[in-house]
Amino acid sequence: MLDVLVIGSGGAGLSAALAAKEAGASVLVVGKMYPTNSQTSMAQGGMNAALGNVEEDHVSLHIQDTVKSAKGLCDEDMVRHMCADGPKTIAWLESIGVPFSRLDNNKPGIGSVAQRQMGGASAKRACYAQDYTGLKILHTLYDTCLKEEIAFLDEHFLLNLIVPEETVKGATFLNIRTGEVVQIDAKSVVMATGGYGAVYHGYTTNMYGATGDGIAAVLRAGGAVSDMEFVQFHPTALKHSCILVSESARGEGGYLVNDKGERFVDELKPRDEVARAIFTQIQNGHRVFLDVRHLGETKLMELLPQEVELCKLHEHVDPVHDLIPIKPVAHYSMGGIDVDDALEVGGIKGCFAVGECANTKVHGANRLGGNSLLEITALGRFAGENAYKHAVYASSKPADGTQLQKDSAEIEALFAKESTESFYPYREAMGTLFYEKVGIVRDNARLQEALDELIAMQVKQKTMGLTDKSKENNQHLIEFLEFQNALLLAPTIISSALAREESRGAHWRSDFPEENDAFKKHIVLQWKRENI
């Protein structure tokens, strides 16, 4: 029986796996895709750590900036833990081979790591590798896992956790290649399955598969979610493709201008403020652009080569000479699986969660740019260590096959069911619905309309099914299962947004435009046991 099963093979999962393996655990990493396809690769700008290599900085300032951005909803002990781990996390990543960009200062080790400014930061704190930071970190973590002989099981879609007597004993998966449902037994489980940005399908920087599969599985298993209303909208996505233009473009000196050439906001304010300023310009009939022309071709190609190529490829503009058309879109999920200060899921012993699927209470109402990569590595390792500690004392008796039989029957029923309607138009409709009514600016009327339309969509789901009945490599089946998970999570986002009758961070209510101390708390949702 495995000591630690890690579900999700992005940066958080790989960091957890390495820490558990270092502690002496037997580890298996299971993902629905290959590790190098993870959302971590999209984190371009950098990772925060108070090194003070470019200008004076200190861990206390990093903590202060994070708490300020969180608008009173973070756990300051967890923030201190994460920020204090910043320098040693950079040192660890450098030791395993992450090729951070360097200063020409001849200092040894992390003393020469280059740092740039990110929105909401009081210093140049984000350590970077050009604008490929997340990609470089992800590849290095994966290479290190292979060197440490950590086992991987790719192309396995999570179905459900196995939780007899409120203690996790493993999980069931659909083998995408064969169509077979399999059970994996483990003493501890680390959930690192990513966020739920794909609920905003067509209006998000996230991949289509970011449908909150792990969060949905935890809900079904009896765990809770919290702060689901807090969805961060990134200010600068390419207007037509929604592909992210990194905050580093503004950190390096880029301007935001409207179609009159006017700058209308301080580009380095926290993301929620910048996104609302852009949204207001668009609502008033203006087009909005990112202008980096003044930085010059040499600097752009040295520091932002990926951004230049993405703009050419997807927007057909050359940032060296042209304005970049942009709009704000859904980017990051601050809410997620509710965990305690050991990152253990409430109500499910031995199950830990980290990364964008989890609410570790370090981001609060608004994530500080540059903190996501720090969270997945620093807290990812913390989750792996704690999972192993649980495994040491956990029973090695495997679970029975009850969950496996149930899930196998449900997959067979899907294949047998006659479909009268395609789910794809509803997936598109849900994305538009959320962007327009559960978006950057919200109010009670539109939120209630969105909830009513969503409930109607859930009723309609009974008529939806599969048109492709093949068992092997059935992407149609995977996308249907993802849609079911998104549809399950969607009401938690709207219900939480309705309940929070104030404006705080990324959650902005035009009918309640002020912060209200009565709502300086987490909104936690959990299914009643009889509904599970």
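Mind sorting Cys242, Cys74, Cys83 by how few other Cβ atoms lie within 10 Å of their own Cβ, fewest first? Can you show the working numbers first?
Details: Cys242 21, Cys74 25, Cys83 28.
Neighbour counts put them in this order, fewest first: Cys242, Cys74, Cys83.
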Any chance you could check the Cα centroid distance between region 59-119 and region 429-476 for me, in angstrom? 38
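Taking the Cβ of each residue in Arg276, Arg442 as the centre, tally the other Cβ atoms inside 10 Å and list the residues starting with the fewest. Walk me through the numbers before you get to the answer.
Details: Arg276 20, Arg442 23.
Fewest-to-most Cβ neighbours within 10 Å comes out as Arg276, Arg442.
Just rank Thr167, Thr205, Thr133, fewest to most, by other beta-carbon atoms within 10 angstrom.
On the way: Thr167 16, Thr205 23, Thr133 26.
With the fewest neighbours first, Thr167, Thr205, Thr133 line up as Thr167, Thr205, Thr133.
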Could you bin all the Cα-Cα distances of region 481-530 into 5 Å bins starting at 0 and give me the percent of pairs in each, rounded to whole numbers? 4, 18, 23, 20, 15, 10, 7, 2
Dipole moment magnitude, nearest 20 debye, the chain about Cα centre, only Lys, Arg, Asp, Glu C-beta charged: 120
Report the normalised scattering of region 179-298 as log10 I(q)/I(0) at q = 0.15, 0.18 Å⁻¹, calculated by the Debye formula with identical scatterers on the alpha carbons. -0.81, -1.01
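Which of Lys239/Lys312; Lys124/Lys299; Lys124/Lys520; Lys136/Lys312 have a Cα-Cα distance over 19 Å?
Numbers: Lys239/Lys312 13 Å; Lys124/Lys299 17 Å; Lys124/Lys520 30 Å; Lys136/Lys312 22 Å.
In this structure, Lys124/Lys520; Lys136/Lys312 lie more than 19 Å apart at Cα.
Pull out a ≥ b ≥ c, the square roots of the eigenvalues of the alpha-carbon gyration tensor of region 364-478, then state rounded if a/c is under 1.5, prolate if not and a/b is larger than b/c, and oblate in the remaining case. Could you put the intermediate results ahead of the total?
Values: a/c = 2.39, a/b = 1.11, b/c = 2.14.
Taking the square roots of the gyration eigenvalues as a ≥ b ≥ c, region 364-478 is oblate.
Would you please give the FRET efficiency between Gln475 and His294, computed as 1/(1 + (r/R0)^6) with r the Cβ-Cβ distance and R0 = 60 Å, to the nearest 0.05? Intermediate values should be presented prior to the final figure.
Working: r = 44 Å, r/R0 = 0.74.
That pair, Gln475 with His294, gives E of 0.85.
Could you tell me how many cubic angstrom of Cα convex hull volume region 41-151 has per residue?
Numbers: hull volume 13.0 nm³, N = 111.
Cα-based convex hull of region 41-151, divided per residue, equals 117 Å³.
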Rounded Å value of the spacing that divides the Cα centres of region 496-515 and region 162-232: 27
One checks the Cα atoms of the chain and finds Rg and Dmax, in Å, of 22.2, 68
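Ignoring everything except DSSP H segments at least 4 long, calculate the 222 nm mean residue ellipticity for the chain; use -39,500 (n - 2.57) per segment, divide by total residues, nearest 500. Provide the component values of the computation, followed by the final result.
Working: 16 runs with 186 residues, N = 532.
One gets -11000 deg cm²/dmol as the mean residue ellipticity at 222 nm.
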By the C-alpha gyration tensor axes a ≥ b ≥ c (rounded if a/c is under 1.5, else prolate when a/b exceeds b/c, else oblate), the shape of region 234-330 is prolate
Would you tally the net charge around Glu155, using a Cβ to Cβ cut-off of less than 9 Å, leaving Glu155 out, and scoring K and R as +1, D and E as -1? +1
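Determine the alpha carbon to alpha carbon distance for each of Lys21/Lys187; Lys187/Lys462; Lys169/Lys389 and list only those over 25 Å.
Details: Lys21/Lys187 14 Å; Lys187/Lys462 36 Å; Lys169/Lys389 15 Å.
Violating the 25 Å Cα-Cα cut-off are Lys187/Lys462.
Provide the gained length on full extension for the span Val459 to Leu313, in nm with one decimal, where the gain is 0.36 nm per separating residue minus the Cα-Cα distance. Mind dumping the intermediate values first?
Values: separation 146, 0.36 × 146 = 52.56 nm, distance 4.04 nm.
So the extension gain works out to 48.5 nm.
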Per 0.36 nm of contour for each residue apart, how much would the distance between Asp77 and Glu501 grow if the chain were fully extended, relative to their Cα-Cα spacing? 150.0 nm
Just report the Cα centroid separation between region 315-355 and region 257-304, whole Å. 21
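Each value in this text was obtained by applying a stated rule to the coordinates, not by laboratory testing. Note that the coordinates shown come from a computational prediction; the quantities given were computed from them, not determined experimentally. In this analysis, Cβ positions are derived from the backbone assuming ideal geometry, glycine residues included, and neighbour counts consider all displayed protein chains.
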